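The values are calculated or read from the model by the stated rules, or taken from the named source; none is laboratory data. Please read these numbers as outputs of a predicted model, since none were measured by experiment. Methodologically, a virtual Cβ is constructed for each residue, glycine included, from the backbone with ideal geometry; neighbour enumeration extends over all protein chains shown. Note: accessible area is taken over every heavy atom of the protein model, side chains too, but ligands, DNA and RNA are not part of it. Shrake-Rupley method; radii C 1.70, N 1.55, O 1.52, S 1.80 Å.
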Amino acid sequence: MSKATADGQPRLASKRTGPLLVAALVLLGLWFGWSAVRQWRQASVGTSLEQSRDEIVTGVDAALNGQLAQLRKLVKSERVTTALANGDAEATAVAIREGWPGTEDVQVLLATLDQAYADPKAFGYSRLALLEAANAGDTVVARVVRDAGGQRLGLAAPVVLGTQGPALVYVRQPLLRLTATFDQVRVPDEGYLALRQGNHNVIEQGSVALADGAEALARPLGKSGLRLAAAVPDIEPGPLGLGGIPSAIVAVLLLAIAAMLQFGKGRVPLPRRRASKDADVEEGPTLRESLDQIPLAVVPAVTEGAPPPMPGVVGQDVPADIFRAYDIRGVVGRELTPQVAALIGQAIGSVMQVEGLREIVVGRDGRLSGPELTGALIEGLRRAGCDVIDIGLAPTPVVYFASYHLRAGSCVAVTGSHNPADYNGFKIVVGGETLSGDAITELYQRIRDGQLHVAAEPGSLQQREVNADYIQRIADDVQLDRPLKVVADAGNGVAGELAQPLLEAIGAEVIPLYCDVDGTFPNHHPDPSDPHNLEDLIQTVKRFDADIGLAFDGDGDRLGVVTREGKIIYADRLLMLFAADVLMRNPGALVIYDVKCSGKLSDYVLRNGGSPLMWKTGHSLMKAKMRETDAELAGEMSGHFFFKERWFGFDDGLYAAARLLEILAQREETPSEIFEELPDAVSTPELKVPVESGTPHALVSLFVSAAQVEDSPFAGARLSTIDGLRADFPDGWGLLRASNTTPVLVLRFEADDEAALERIKALFREQLQPLLPGVALGF
């Protein structure tokens with residue numbers, strides 16, 4: 001048994017203790033040293049992968065441009081131009097094929113593409129999209145297409161086929177002509193590279209486990225729609241969360257201490273026992289004295305098993321203006337980063353902990369930034385102790401559905417909705433309630449003030465697939481009495497994953513348009529509330545003589561509709577149709593609509609035995625009002641529809657489409673005839689006046705105050721101020737409100753005739769212009 005010093009401290013011990021301590025220090029030093037080497041090797045993988053990526057980008061880009069140049073050259077060659085001038089499609093195809101060795105197939109089709117549209121499924125939707133792109137752009141186009149039973153490089157060029165008029169040359173090439181560079185460049189096994197078109201992997205190499213995070217290092221290939229995605233594994237932190245250099249420093253210190261203890265006895269003397277059995281132990285350093293002589297490196301503590309902290313962002317660095325009235329959204333890279341997403345996840349988890357909740361569902365739309373932001377969000381949720389169920393790529397209503405179906409009660413949809421491709425965001429439900437207003441602000445305040453819960457043990461993570469369950473749940477309840485031919489335009493948003501299988505499951509014949517998920521939205525913006533975005537749908541409905549056209553926004557929670565004749569059926573008139581159907585089974589039920597909806601809607605609901613209620617615009621505000629009033633149905637002019645009857649009460653564009661087709665299929669009239677029966681009026685679309693950031697609500701307040709004075713021009717109108725100012729006159733109405741998402745004033749007008757519409761517009765214009773001197777109002 002060792003003796004103690006005068007101050008009661010144990011000595012560094014005996015001959016046996018010295019070697020054990022040295023061995024322990026050496027092992028620790030080797031551990032930290034190996035960690036440093038491992039981290040440096042992982043970092044070198046990233047450098048090597050970026051070099052490989054850039055080489056492949058250069059090679060593929062050169063190959064693609066070479067193929068395009070060759071087609072341009074051949075189309076202008078004497079033999080081909082002669083064949084085209086003679087109107088001989090077959091001779092043109094032969095000339096191109098013989099002039100381009102290795103070409104698999106060449107076709108010349110009239111620009112109307114009647115041959116392709118006669119059976120688009122057999123012809124191939126990807127080939128059809130390629131030809132339409134060449135038609136629309138009047139230029140040579142190349143894309144990866146599915147043809148001849150596999151992936152091919154397809155090229156198309158607009159030409160004139162003699163007296164037959166505009167035509168298109170289609171050329172099918174082996175995919176290897178595009179991807180040969182992949183075989184010539186070494187890709188590190190630990191990394192990942194993929195040639196992508198939209199959300200489809202044309203070819204991939206390396207560790208597929210890294211595929212979801214590959215957009216962070218992606219490089220586009222010109223304007224082809226192709227890009228090369230890349231990913232490297234995260235550099236695993238060393239012991240105690242240290243990076244490579246700190247690990248190396250600690251390793252050197254530990255090995256130096258071991259060396260001094262073993263060889264440098266003059267500096268740090270080892271204890272030595274006297275020859276006499278009863279003699280005192282020779283004076284040497286105590287444990288405390290040894291530690292004082294050689295201070296240990298200070299390292300941050302990390303909870304065992306928890307994800308390492310996200311570096312580089314503190315609460316004060318998170319921009320406040322991404323926390324909007326209904327959700328969180330911002331520009332990726334500038335306002336929304338993985339670090340910010342992790343803090344948001346931790347803030348959501350902290351709120352859940354306060355409410356005694358633990359499980360949460362997470363899903364994402366098809367934006368390129370989705371996988372990386374989702375991973376970071378999940379990390380933050382788990383750090384706060386939440387058990388996360390990741391359902392992967394899914395429309396926002398499917399995320400909502402999963403929170404019910406999996407009995408979690410809470411969910412986050414990672415989505416930029418209908419915003420541009422460089423945006424993303426989060427729609428949040430906690431304990432069955434959609435967060436909005438003050439609840440969204442509370443998340444920011446928690447991040448800013450550092451009031452973020454850190455669990456002793458991180459939450460669990462599991463992956464689940466619920467898309468099939470969602471389709472089955474709807475198809476078990478909704479079936480069409482007769483088949484309808486439907487064109488479904490997803491605008492390359494995530495609704496494209498489910499639109500066709502869902503509508504086919506309920507009995508519709510579906511022609512998909514832009515249903516391949518592509519986060520760059522190459523064809524049109526995924527916002528069905530803008531008539532410009534419905535132009536392709538209108539043309540496709542006419543071309544296929546379809547019964548109806550359906551359009552979905554970027555995350556699938558909104559619906560737009562066009563008729564066979566190309567008329568847009570706005571959401572307030574669709575709500576009339578839904579209300580009449582719901583009220584047949586639920587007489588007296590409450591139907592909620594937002595302030596932008598038609599004045600005809602209230603009367604229509606009353607005539608069908610319902611109770612109308614006008615409310616504020618905003619999907620989260622609508623859902624909260626439905627919960628408060630126990631309403632059976634609600635809808636917004638933007639295309640959000642909320643069914644509590646036979647569904648869960650959240651906004652769901654896909655489910656609304658199914659219910660609409662169900663109603664239309666029950667009637668003998670055509671859909672166009674059914675819509676013609678609904679009350680209509682002369683109206684404007686939603687008008688937007690840009691103003692300075694931070695001023696919309698103040699401007700609306702001034703406008704409302706002026707309208708409420710006794711001698712105001714609005715004295716003869718029924719005024720509603722629940723959301724801006726809506727003035728209802730006997731022959732029409734006008735609305736001014738502040739947008740809760742962007743710095744604009746929103747206006748809309750409706751009247752019985754054009755004269756009344758102009759009178760109401762002029763009244764609003766005269767009252768608003770003094771508040772915005774020099775600003776062109778645009779109405």
Over 27 Å (Cα to Cα) - which of LYS542/LYS616; LYS600/LYS623; LYS223/LYS688; LYS616/LYS688; LYS600/LYS625 fall in this group: LYS542/LYS616; LYS223/LYS688
Inter-site label distance for ARG334 and THR742 at 7 Å from Cα along Cβ, in nm: 1.4
Leading residue at positive end of dipole, the chain (Cβ point charges), from HIS405, GLN500, VAL202: VAL202
Tilt relative to the chain, helix 338-354 - C-alpha long axis, 0 to 90 degrees, to 10: 90
Residues whose placed amide H lies under 5 Å from that of PHE749, excluding near-sequence neighbours: THR684
Counted charge near PRO397, where neighbours are those whose Cβ lies closer than 9 Å (Asp, Glu -1; Lys, Arg +1): -4
Local electrostatic count, ILE96, Cβ distance below 14 Å [Lys/Arg +1, Asp/Glu -1]: 0
Considering only the chain, percent of DSSP beta bridges that pair antiparallel, nearest 5: 70
Value of [θ]222 nm, deg cm²/dmol, for the chain, DSSP H segments ≥ 4, -39500 (n - 2.57) each, nearest 500: -12000 deg cm²/dmol
With every protein chain in place, the chain: carbon and sulfur % of accessible area (1.4 Å): 52
Per-bin percent of Cα-Cα distances, region 624-701 [10 Å]: 13, 29, 33, 18, 6, 0
Order of exposure, largest accessible area first, which applies to GLU754, GLU710, GLU372, GLU215 with probe 1.4 Å: GLU710, GLU754, GLU372, GLU215
Listed residue (THR563, PHE648, LEU221) projecting farthest to the positive dipole end of the chain, Cβ model: LEU221
Between 0 and 90°, nearest 10: helix 653-665 axis offset from the chain longest Cα axis: 30
Straight-distance crosslink candidates among aspartates and glutamates, where the alpha carbon sits under 16 Å from LYS567 and sequence neighbours closer than 8 are dropped: ASP489, ASP530, GLU535, ASP536, ASP545, ASP547, GLU673, GLU676, GLU677, ASP680
Solvent-accessible surface ranking, highest first, for LYS596, LYS121, LYS223 at 1.4 angstrom: LYS223, LYS121, LYS596
Derived scalar couplings ³J(HN,Hα) [region 735-749; Karplus, 6.51 cos²θ - 1.76 cosθ + 1.60; whole Hz; x for Gly, Pro]: 9, 10, 9, 9, 5, 8, 10, 9, x, 9, 9, 10, 10, 8, 9
Gain in span if fully extended, ASP138 to ASP752, counting 0.36 nm per residue against the direct Cα distance: 216.7 nm
Charge sum, other residues only, whose C-beta stays under 15 Å from ARG152's C-beta, Lys/Arg counted +1 and Asp/Glu -1: +3
Dipole moment magnitude, nearest 20 debye, the chain about Cα centre, only Lys, Arg, Asp, Glu C-beta charged: 3200
